[in-house]
Amino acid sequence: MEPSLVQQRQSLRQHIRRLRCSLSEPQQFAAGQQLAEHAILFSPIQQAQHIALFMSMDGEINTRPLIARLWHLGKSVYLPRINPHQPTTLLFQRFTPQTTLVKHRFGMMEPEENCDECRPFTDLDVVIVPLVAFDSDGQRLGMGGGFYDRLLVNWQEAGVLPIGVAHNCQHQDTLPIQPWDIPLPAVITPNKLWQWGNKEA
Ligand SMILES: Nc1nc2c(c(=O)[nH]1)N(C=O)[C@@H](CNc1ccc(C(=O)N[C@@H](CCC(=O)O)C(=O)O)cc1)CN2
Ligand SMILES: Nc1ncnc2c1ncn2[C@@H]1O[C@H](COP(=O)(O)OP(=O)(O)OP(=O)(O)O)[C@@H](O)[C@H]1O
């Protein structure tokens, strides 16, 4: 019998999480640097002031070099926190060199809670989106929490541009998708800028 869609997505997640974790230290380092160099030349990022990123874990492409460049350019950077009062949703909290980070039980580093520093999603300009896999149509598979699919439901109306970031090895020709999956208008990898649909982006 054919594996179900849920099983296919789960085994693909496992496969690609292993692949990205198996990159060597020098490969990871170079990928993070190349990502930062490409990202700061992309005009929606150049024009943005309020940019959400995420702290990499589990072999995700290293976002630290990009964060450092954005700080240097005077941009305001935010990180996601799982909303403790509504744990299916994300909050975005300001991240500066002075921010204390704490480890969430899911493994990622989050800013220590300070709601005065939170910015509503609709007031962000760009959200850099983590992903496990993306395909040639801009479809994305995440860690399985549905956090970004829920967040990005109305990104066009909200005027927030989501941009995926990934290692080259996270690309697949086609992903098994579900009706709630939100495709991305752009993905940046160390050697390519992928763009779909909106020609202004
Ligand atoms: N770096 C980073 N931060 C992020 C995300 C992400 O994908 N990457 N998220 C993107 O949504 C949100 C967190 N979502 C997550 C969803 C699942 C797991 C995870 O590892 N699940 C484990 C089981 C965890 C447990 O229950 O103990 C697993 O699947 O092995 C982690 C984060 C917000 N922050
Ligand atoms: N817009 C939505 N509203 C309500 N539930 C949703 C929505 N989008 C996804 N979900 C739920 O979230 C769960 C996980 O979804 P999915 O497997 O697509 O996550 P993912 O894309 O891998 O994760 P993420 O978006 O956090 O990176 C599913 O059970 C799905 O029903």
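If you check every pair at least six apart or on different chains, which have Cβ atoms under 6 Å apart with a residue in the stretch 114-137 that is part of a loop (DSSP other than H, G, I, E, B) first and a residue that is away from ligand 2 (no atom under 16 Å from the Cβ) and hydrophobic (A, V, I, L, M, F, W, C) second?
Partner pairs satisfying both residue conditions: D125/A48.
Mind listing whichever residues of the stretch 148-181 are under 22 Å from L19 (Cβ atoms) and either free of Cβ contacts under 8 Å to residues at least 24 places away in the same chain or in a helix (DSSP H, G or I) (or both)?
Correct list: Y148, N168, C169, Q170.
Could you identify the single residue in P80, P97, P87 that is within 11 Å of ligand 1 (Cβ to nearest atom) and part of a loop (DSSP other than H, G, I, E, B)?
The unique qualifying residue is P87.
Counting only residues that are surrounded by 15 or more Cβ atoms within 10 Å (Cβ to Cβ) and of a type in the set (G, A, S), how many does the stretch 69-104 have?
The number of residues fulfilling the criteria is 1.
Being modelled with pLDDT of 95 or more and more than 30 Å from S24 (Cβ to Cβ) is the filter; apply it to the stretch 58-84 and report the residue that is farthest from ligand 2 (Cβ to nearest atom).
Narrowing the stretch 58-84 to residues modelled with pLDDT of 95 or more: 58-83.
Right, trim to more than 30 Å from S24 (Cβ to Cβ) and you get 74-76, 78, 81-83.
Values: G74: 29, K75: 24, S76: 23, Y78: 17, R81: 14, I82: 10, N83: 13 Å.
Out of the qualifying residues, it is G74.
So which of Q14, Q28, Q46 ends up being loosely packed, with under 14 Cβ neighbours inside 10 Å, out of contact with any helix residue (DSSP H, G or I) (no Cβ under 6 Å at 6 or more places or on another chain) and either among the β-branched types (V, I, T) or more than 25 Å from T174 (Cβ to Cβ) (or both)?
Q46
Only one of these is at pLDDT below 95 and either farther than 26 Å from G146 by Cα or within 16 Å of ligand 2 (Cβ to nearest atom) (or both): M55, M1. Name it.
Criteria check complete, one pass: M1.
Select from the stretch 63-114 the residues that are among the charged types (D, E, K, R) and in contact with a helix residue (DSSP H, G or I) (Cβ under 6 Å, 6 or more places away or on another chain) and write down the one among them that is farthest from P44 (Cα to Cα).
R94
Do we have any residue at all in the stretch 135-156 that's crowded, with 16+ Cβ neighbours inside 10 Å, hydroxyl-bearing (S, T, Y), within 16 Å of ligand 2 (Cβ to nearest atom) and under 13 Å from the mean Cα position of the chain (by Cα)?
Looking for residues that are crowded, with 16+ Cβ neighbours inside 10 Å, hydroxyl-bearing (S, T, Y), within 16 Å of ligand 2 (Cβ to nearest atom) and under 13 Å from the mean Cα position of the chain (by Cα), one finds at least one in the stretch 135-156, hence yes.
Only one of these is away from ligand 1 (no atom under 16 Å from the Cβ) and touching a Pro at 6+ places or on another chain (Cβ under 7 Å): G159, G138. Name it.
None of the other options fit; the residue is G138.
Got a sec? Which of L184, L175 is over 17 Å from the mean Cα position of the chain (by Cα) and closer than 19 Å to E60 by Cα?
So the residue among L184, L175 that is over 17 Å from the mean Cα position of the chain (by Cα) and closer than 19 Å to E60 by Cα is L175.
The values are calculated or read from the model by the stated rules, or taken from the named source; none is laboratory data. Note that the structure is a prediction, hence the values are computed from the model and not measured. Ideal geometry is used to build each Cβ from the backbone, glycine not excepted, and the neighbour counts take in all protein chains shown.
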